[in-house]
Amino acid sequence: MRFDFFKRQGSAGESVPAEGAEPVMASPAPADETLAPQGANGFVTYALQLDAQKRVRGYRMAWRVAAGSHEAPDTSAQFKALLSCVSKHLNTGKGWRLGRLVLFLDVTVDALFQSELQALPPENVVLCMGLDDLMDADTRSMLMFLREQGFGFMLCNAQALPRDPALLEVITHFDVGSGDKELVASIRDERRPEQAPVQLIATRMDSWEDFEACAARYVDVFVDGGHPPPPVEKGADILQPESMLIVRLMQMIQRNEDVRSIESALKRDAALTYRLLRHINSPAIGAGVEITSLRHAVAMLGYSPLFRWLSLLLATSNKASSPFMMKKAIMRGRFVELMGHGMLPRSEADNLFVVGMFSLIDQLLGISMQEVLAKVQLAESVQQAILERRGVYAPFLALVEACETGADPAARLAEALFVSAEQVNAAHLSAMVWSQEVSAVEAGD
């Protein structure tokens, strides 16, 4: 048995098991159709959990209903809508689609007893709660049970660990706010050697200097989509050698040069050839046949998809760039592409992907957007979207950017494109999965 549920005292008069009693199996409550409108109008938002090397280790997800909505706030309905959306797209028949990444969810006492939690893998989920909720007498048995199943718990908005030995066994993560040095030291000192270590996470960050201070103390940080990107080490306004070769290959494709000439240029860098073929043969492409050479790739895919994959390699070619920004660019490219499905011709898919990727390329390469576009002559419609946020692709890029920051315009932008919040969330989480698969290929996993 993977998951059980307790009955607790509620408005319907359900019974609560005595402290330490065995869990009582309960059938999941029937879906309340009155909750559907609230779920349908909500958007998934998230903050990234970054380690000291700025690598993504998890997502803190939330459900946002657009400001001005006529619906009365219902945190229970919103939490159920979030769980339903996440389980549908991230925990499919193929299992947990985000690999080793962890999902952080802010929960209330009532949320612990909701049957929808059974749709998520416990070992990949951390439930975030305040101390008062963790100490609620009615939750003790459920806390212990969920912890036994593998769920983690993060204590939020506290200045010390609880003295209760049982609660100490439940808490796996601790919110250290902005990463105050004294708080970090005191939490680590309070943990006894025989106890499992608690992972400290700074949930507030004012600047990247704060991030560096946390990284020096081995404290992970939550960074939301609205935070300015980290500074990129400038390359004296020149591209790195690998980036320059990728740009040259992209230029050759744009000029429709003979595939033998392109292949000859690519062979000058065996490592780049290997990376390109790894990407093309990844599950993200799904060609069904192993592609063994550039000539084979062109024959199977054509020049346009090859240009798309070179743009991905360009985005990941600057080793000084932050890994999470590379993942963000990959996700944005895929997100923009998916939003255009069914609305623009299929032939536009690669352009949509490039719009999303190149909208962050200056931050990844450390040179101005104008310099990048001077070297890679993109289609006029693509440049319009990237530089001026206008043209046929601009609305899709604007929607993606709004979703990344959790901004209220997301609902208005989606409505203008005649897409539902459900469609936006599906594209968003699908892009997250795709970026994880592509990143795994890049890392050689």
Working only within segment 182-212, note down all residues that are among the hydroxyl-bearing types (Ser, Thr, Tyr) and closer than 16 Å to residue 160 by Cβ.
186
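Based on this model, can you work out whether residue 135 counts as more than 18 Å from residue 61 (Cβ to Cβ) and surrounded by 17 or more Cβ atoms within 10 Å (Cβ to Cβ)? I'd like the intermediate steps shown before the answer.
Values: more than 18 Å from residue 61 (Cβ to Cβ): yes; surrounded by 17 or more Cβ atoms within 10 Å (Cβ to Cβ): no.
Against the criterion (more than 18 Å from residue 61 (Cβ to Cβ) and surrounded by 17 or more Cβ atoms within 10 Å (Cβ to Cβ)), residue 135 does not qualify.
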So, in segment 111-164, exactly how many residues are under 23 Å from the mean Cα position of the chain (by Cα) and farther than 22 Å from residue 195 by Cβ?
8
Members of segment 175-191 that are acidic (Asp, Glu) and either assigned to a loop (DSSP other than H, G, I, E, B) or over 25 Å from residue 105 (Cα atoms) (or both)
180, 182, 189, 190
Does segment 384-391 include one or more residues that are outside any helix (DSSP H, G or I), on the phi > 0 side of the Ramachandran plot, at pLDDT 95 or above and small (Gly, Ala, Ser)?
yes
Residue check for residue 293: among the hydroxyl-bearing types (Ser, Thr, Tyr), in the same structural domain as residue 436 (by TED's automatic domain parsing) and closer than 25 Å to residue 402 by Cα:
no
Assess whether residue 290 counts as being part of a loop (DSSP other than H, G, I, E, B) and acidic (Asp, Glu).
yes
In segment 349-379, which residue that is free of Cβ contacts under 8 Å to residues at least 40 places away in the same chain and in a helix (DSSP H, G or I) is farthest from the chain's Cα centre (by Cα)?
374
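Looking at 99, 58 in this structure, which one is surrounded by fewer than 16 Cβ atoms within 10 Å (Cβ to Cβ), touching a residue at least 24 places away in the same chain (Cβ under 8 Å), out of contact with any His (no Cβ under 7 Å at 6 or more places or on another chain) and within 29 Å of residue 211 (Cα to Cα)?
99
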Conditions: (1) within 18 Å of residue 363 (Cβ to Cβ); (2) surrounded by 13 or more Cβ atoms within 10 Å (Cβ to Cβ). Residue 228 meets all but one. Number of the miss?
(2)
For the condition without any contact (Cβ under 8 Å) to a residue 40 or more places away in the chain, assigned by TED's automatic domain parsing to the domain that holds residue 172 and more than 19 Å from residue 222 (Cβ to Cβ), what is the one hit in 81, 111?
111
Among the residues of segment 175-193, is any closer than 24 Å to residue 407 by Cα and in contact with a Phe, Trp or Tyr (Cβ under 9 Å, 6 or more places away or on another chain)?
no
Restricting segment 227-254 to residues that are over 29 Å from the mean Cα position of the chain (by Cα) and more than 16 Å from residue 311 (Cα to Cα), the residue that is modelled with the highest pLDDT
238
Is it true that residue 205 is touching a Ser or Thr at 6+ places or on another chain (Cβ under 8 Å) and part of a loop (DSSP other than H, G, I, E, B)?
yes
Restricting attention to segment 90-100, does a residue exist that is assigned by TED's automatic domain parsing to the domain that holds residue 51 and within 28 Å of residue 412 (Cβ to Cβ)?
yes
Please list, ordered by first then second residue, the pairs with beta carbon atoms under 9 Å, 6 or more apart or interchain, first in segment 182-207 and in the same structural domain as residue 130 (by TED's automatic domain parsing), second assigned to a helix (DSSP H, G or I) and aromatic (Phe, Trp, Tyr).
202/211; 205/211
Which one of these does residue 74 not meet: (1) within 23 Å of the chain's Cα centre (by Cα); (2) over 26 Å from residue 199 (Cα atoms)?
(1)
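The values are calculated or read from the model by the stated rules, or taken from the named source; none is laboratory data. From a predicted model like this one, the values you see are computed outputs, not experimental measurements. Cβ: placed from backbone, ideal geometry, glycine included. Neighbour counts: every protein chain shown.
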